Amino acid sequence: MYLHNPPNLKLPPLMLEKTQAREEMEQSPTVYSFIKGNLLLNPDFHRVFTSIHKKSEEIEELIGSFRGDFAFLKHIVPAPSRAVDSDKYLQISVINKLRRNIKSKKEEDEFNRELLDLKSADDKKRIIQIKRRSSEIQNVLSKFEQAQRQSLEILTSITLFICRQCHNVVSTNRFINTTCLCGIKVKRTSDIRKEAIAFFDSRLRNFIANKYWFEHGVDYLLRKKNFQTLCGVYVLGHSGCMHEIDNIAESKTSNFRIFGECKTTDIRTNDVFILAGKMADIGCSRAYIFTTTKEVQKEIVHLARSRNISTVTDVLHRPIQDLLREIRED
């Protein structure tokens, strides 16, 4: 916790705190670049990063599916050809049942070979899926960058080290001397092949999933109005409670402070009461609720106004200048 008391403002000081997890997230290179691009309220960029976020999660899941002995059996996989037609699919329970029917060492070896062939075929498909998604991510971002004439350092590159024999991912990011699940000893880099993959890393995915992108988009709006701003902090109230405030904006010329609440869902009556309660406990006379929804119920708008809270709607699709006109400077 620290005292916020800028020397160029004649306002009551605030006791603030920012969680370490969020501090670290926002300071990571990809998230920092994501914020500093000042494109978070650009609807085209929103479509781009939403698409990349989804594909990045799929890549992460696919890479994770290689971990563990025969991890592919957690998915639906083709059945061994001698037991069931190859066009059909089995769950792991069925495969285990087949294993219990094995009578001899020869049958067990044959079964394991077929199972390894299945795994190799499945691994190969998943590698193709990972590469395809990575290419799609890079293509869509490159196209957007070209249209914007702006470079965004928001992708993370990793290297997959893949067994040449069975297509299993042996390691990521660095070569490891090990034994693959197929039995091949991986001693040299020539024993594997490398594939470079680009996607959103976990911190940037969390930043997007937690809707922090919207808070920083609003922060950009407030800075455009020449406010000094803070984003994503906890403020100590007179009651001794810490209150999460999405945005704080302070005017250097008029010496006043406003709070901002960011919503990507419909504004409810309770949202207004909660924000008004925070204002009263901390000591702030004016606030805004920014929302991506197009309309707010009239009753809620009137309730908010009675608490000196303004609502700004459809933030993601309206022109910046239109939004700026709704934010008072005094």
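The values are calculated or read from the model by the stated rules, or taken from the named source; none is laboratory data. Source: prediction; values computed, not measured. Cβ coordinates were reconstructed from backbone atoms using ideal geometry, including for glycine residues, and neighbour counts include every protein chain displayed.
Things to note:
- In region 31-45, the residues that are buried (at least 19 other Cβ atoms within 10 Å of the Cβ) and in a helix (DSSP H, G or I): V31, F34, I35, F45
- Considering G64, G37, G68, the condition of being under 12 Å from W213 (Cα atoms), out of contact with any Gly (no Cβ under 8 Å at 6 or more places or on another chain) and either in the same structural domain as D122 (by TED's automatic domain parsing) or modelled with pLDDT under 95 (or both) is satisfied by G37 alone.
To keep it simple, each residue is scored yes or no on (1) of a type outside the set (A, V, I, L, M); (2) in contact with a Leu (Cβ under 7 Å, 6 or more places away or on another chain).
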{"site": "L3", "(1), (2)": "no, no"}
{"site": "L9", "(1), (2)": "no, no"}
{"site": "M25", "(1), (2)": "no, no"}
{"site": "N38", "(1), (2)": "yes, no"}
{"site": "V48", "(1), (2)": "no, yes"}
{"site": "I52", "(1), (2)": "no, yes"}
{"site": "S56", "(1), (2)": "yes, no"}
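- So R132, is it of a type in the set (D, E, K, R), in a helix (DSSP H, G or I), free of Cβ contacts under 8 Å to residues at least 40 places away in the same chain and surrounded by fewer than 18 Cβ atoms within 10 Å (Cβ to Cβ): yes
- Applying a threshold of 9 Å to beta carbon distances and a minimum spacing of six or more residues, or different chains, the list of pairs starting in region 144-163 at a residue that is without any contact (Cβ under 8 Å) to a residue 40 or more places away in the chain and ending at one that is part of a loop (DSSP other than H, G, I, E, B) and of a type in the set (S, T, Y) reads E145/S151.
- In the set F199, F214, only one residue is closer than 30 Å to Q165 by Cα and within 18 Å of the chain's Cα centre (by Cα); that residue is F199.
- Of all residues in region 262-295 being surrounded by fewer than 20 Cβ atoms within 10 Å (Cβ to Cβ) and of a type in the set (A, V, I, L, M), the one that is nearest to the chain's Cα centre (by Cα): I274
- Residue satisfying all of: in region 298-330; polar (S, T, N, Q) and touching a residue at least 12 places away in the same chain (Cβ under 8 Å); farthest from S251 (Cα to Cα) among these: T313
- Test for L141: is it hydrophobic (A, V, I, L, M, F, W, C), in a helix (DSSP H, G or I) and surrounded by 15 or more Cβ atoms within 10 Å (Cβ to Cβ): yes
- Summed over region 302-330, residues that are of a type outside the set (S, T, Y) and not in a loop (DSSP other than H, G, I, E, B) total 11.
- One residue stands out in region 200-216 among those that are assigned to a helix (DSSP H, G or I) and among the hydrophobic types (A, V, I, L, M, F, W, C): the one that is farthest from K36 (Cα to Cα), namely A209.
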